[in-house]
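Visitor: This structure is in structure tokens; I'll ask about it shortly.
The values are calculated or read from the model by the stated rules, or taken from the named source; none is laboratory data. It should be emphasised that the depicted structure is a prediction, and the values quoted were computed from it without experimental measurement. Note that we place each Cβ from the backbone using ideal geometry, even for glycine, and neighbour counts take in every protein chain shown. Only protein heavy atoms, including side chains, enter the accessible area calculation; ligands, DNA and RNA are left aside. Shrake-Rupley method; radii C 1.70, N 1.55, O 1.52, S 1.80 Å.
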Amino acid sequence: MSLQVISAISNSSLLQPGFSLLNFDGHVFFFGQKGWPKRSCPTGVFLLDIKQNELKMKPAFFSKDSCYLPPLRYPALCTLRGNAESDEYRYIIHGGKTPNNDLSDRIYVMSLVSKSSKKTTFQCVEKDLCGDVPEARYGHTINVIHSRGKSMSVIFGGRSYTPLTQRTTEKWNSVVDCLPFVFLVDLEFGCCTSYILPELQDGLAFHVSVARNDTVYILGGHSLQNNTRSPNLYKLKIDLPLGSPSVTCTVLPGGISVSSAIVTQTSDTEFVLVGGYQSDDQKRLVCNTIVLEDNKIEIVEREGPDWTPDIKHCRIWFGCDMGEGSVLLGIPGANKQLISDANYFYILRCKGAEEDKEEEPTAQICSQTSTEDPGDSTPFEDSEEFSFSAEASSFDVDDADTYNEDDEEDESETGYWITCSASCSIDINTWVPFYSTELNKPAMILCSSGAGHWVHAQCMDLSETMLLRLSEANVKYFCNEHIDLNKGLQTPKKVMSLKKQPMKPLRKKTTMKLTTPAKKSFLRRLFE
């Protein structure tokens, strides 16, 4: 085992505890940044290009038919192969924390569409689930088992927030262990089934799971309820007959009391367990070799690397499996650094030079690393590039031009990320899509007041139906701050007065003054 130091040259705040690494054909990709993606990489997925003593992070892209994938920290992640003969595989991502500390209960499948020297494109698809859907969680594991020609995903452990009915003001965001249910998920049809096993009494989080064929081994993990790290080794055996699946659990001796450990595969049947904690304030510097055969597991201690004094004396550490027998480790930087949340990184290689060959992995691992969040990381600027010094001849990639953000217009102060009004709530670090038409930028609409200015549709409390109607209709729109002013300046419409019909004058009464003889003559003629 060899340990290689990677010294940071520029911002490293993007890599914080809880990130994940995906290995596609020997190329390592980073996922799960702390903070929402910026314009430099809206997908939040980066290629780790380790070449010429530098580690550079290059943005990856999603295909047009991909769904939105938020940056998830502490998710469960594993590989999924189409069949035993196929070299192509995908990654399953379930659960995790968003930058807003919301927990996800969704499951995504990510596959590599194309890769060239300048661009890598992925397809991300969200799977619809039904039945006993696992609740939103983080710090859990997922594995894929194969039995009788069929495959199934197995989800176990993790933590979630206290149910709403049990929350108090003082402990509103407190977390609890998820119930120790075993979930089987059929990704083809999205059906989920939960199982209660008497051998699993306590919930576990940040444990390690290793799968081979139809068996999953669960090792270590931390229980919040008891504040203990389980010394048990659990063996889950899943049978997939034509009818209902059968799940059995056996408690085996020889477990390790550890949490947040990392497992990497070094050969067809051999794995290496590194890192983690054996108590709340004590790291575990001992390494172990795990050997899996068809029906048994063997765990033996092995000689570890020559840990540096910084690693030995630091309080926390974190990392993730890079694939091919390598692990990326990180420790907090010194307080004297200008960037308080900068970290030091190392690459731990567990395979010797004679063992570093292409091998077909037939087993599967899933591990979780955990530390207490040191707080929100400093968001990186769009124009900054992430570079680290490294010696990494075994991770060569094709020659590629590093993404140059200087060629693009800066939208940090203009464009989509402006303060559109006094009540504007859109923040580039915390924004999430609100309308179905949004992907990585907020929807905006032009206010016609004066020379015109752009405002966020969400800040104006516009419904999606109204937003679509305004975008299609050729009408002027006025924002909430200018609609009253516009009404005041508007010239009142001229009201047409009604034309009144003149009234006919009354005819004057004519009176006749008659003398008495004449009056008598007139009356006589009137009645004759």
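Visitor: If I ask for residues that are open to solvent by 50 Å² or more (accessible area, probe 1.4 Å) and in a loop (DSSP other than H, G, I, E, B), which ones from segment 238-256 would you list?
Guide: L242, G243, S244, P253, G254 - these are the residues of segment 238-256 that are open to solvent by 50 Å² or more (accessible area, probe 1.4 Å) and in a loop (DSSP other than H, G, I, E, B).
Visitor: Now for a separate question. As an exercise: evaluate L514 against (1) at pLDDT 65 or above; (2) assigned to a loop (DSSP other than H, G, I, E, B); (3) open to solvent by less than 100 Å² (accessible area, probe 1.4 Å) and give the number of the one condition it does not meet.
Guide: (1)
Visitor: Tally up the residues in segment 174-199 that are aliphatic (A, V, I, L, M) and open to solvent by 10 Å² or more (accessible area, probe 1.4 Å), please.
Guide: 6
Visitor: With farther than 23 Å from F19 by Cβ, polar (S, T, N, Q) and surrounded by 19 or more Cβ atoms within 10 Å (Cβ to Cβ) as the only criterion, which of N288, N295 stands out?
Guide: N288
Here's the yes/no breakdown for (1) open to solvent by less than 40 Å² (accessible area, probe 1.4 Å); (2) touching a strand residue (DSSP E or B) at 6+ places or on another chain (Cβ under 6 Å):
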| site | (1), (2) |
| --- | --- |
| Y435 | yes, no |
| L439 | no, no |
| G450 | no, no |
| H453 | no, yes |
| E464 | no, no |
| L467 | yes, no |
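Visitor: For I6, which of the numbered conditions (1) at pLDDT 85 or above; (2) open to solvent by less than 10 Å² (accessible area, probe 1.4 Å) fails to hold?
Guide: (1)
This table checks each residue for (1) closer than 21 Å to L77 by Cα; (2) crowded, with 23+ Cβ neighbours inside 10 Å; (3) assigned by the TED database to the domain that holds T98.
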site: V28; (1), (2), (3): yes, yes, yes
site: V45; (1), (2), (3): yes, yes, yes
site: F62; (1), (2), (3): yes, no, yes
site: D65; (1), (2), (3): no, no, yes
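Visitor: Being within 13 Å of R284 (Cα to Cα) and among the aliphatic types (A, V, I, L, M) is the filter here, so list the residues in segment 298-315 that pass it.
Guide: Result: I311, single match.
Visitor: On to the next question. Hey, S111 hits all of (1) in contact with a Cys (Cβ under 7 Å, 6 or more places away or on another chain); (2) open to solvent by less than 40 Å² (accessible area, probe 1.4 Å) but one; which does it fall short on?
Guide: Here S111 meets the rest and fails (1).
Visitor: How many residues are modelled with pLDDT under 90, in a loop (DSSP other than H, G, I, E, B) and of a type outside the set (D, E) when one looks only at segment 321-336?
Guide: Qualifying residue count for the region: 4.
Visitor: Tell me the residue from S257, S230 that is closer than 24 Å to S153 by Cβ and among the polar types (S, T, N, Q), please.
Guide: Only one candidate passes the filter, namely S230.
Visitor: Is there a residue in segment 140-161 that is hydrophobic (A, V, I, L, M, F, W, C), touching a Phe, Trp or Tyr at 6+ places or on another chain (Cβ under 9 Å) and at pLDDT below 95?
Guide: For segment 140-161, residues hydrophobic (A, V, I, L, M, F, W, C), touching a Phe, Trp or Tyr at 6+ places or on another chain (Cβ under 9 Å) and at pLDDT below 95: absent.
Visitor: Which count do you get for residues in segment 126-138 that are surrounded by fewer than 16 Cβ atoms within 10 Å (Cβ to Cβ), at negative phi and assigned to a strand (DSSP E or B)?
Guide: Count: 2.
Visitor: Among residues belonging to segment 251-266 that are in contact with an Asp or Glu (Cβ under 7 Å, 6 or more places away or on another chain) and polar (S, T, N, Q), point out the one that is modelled with the highest pLDDT.
Guide: The extreme case among them is T264.
Visitor: What tally of residues in segment 418-442 results from selecting those that are closer than 12 Å to W454 by Cα and without any contact (Cβ under 8 Å) to a residue 24 or more places away in the chain?
Guide: Qualifying residue count for the region: 1.
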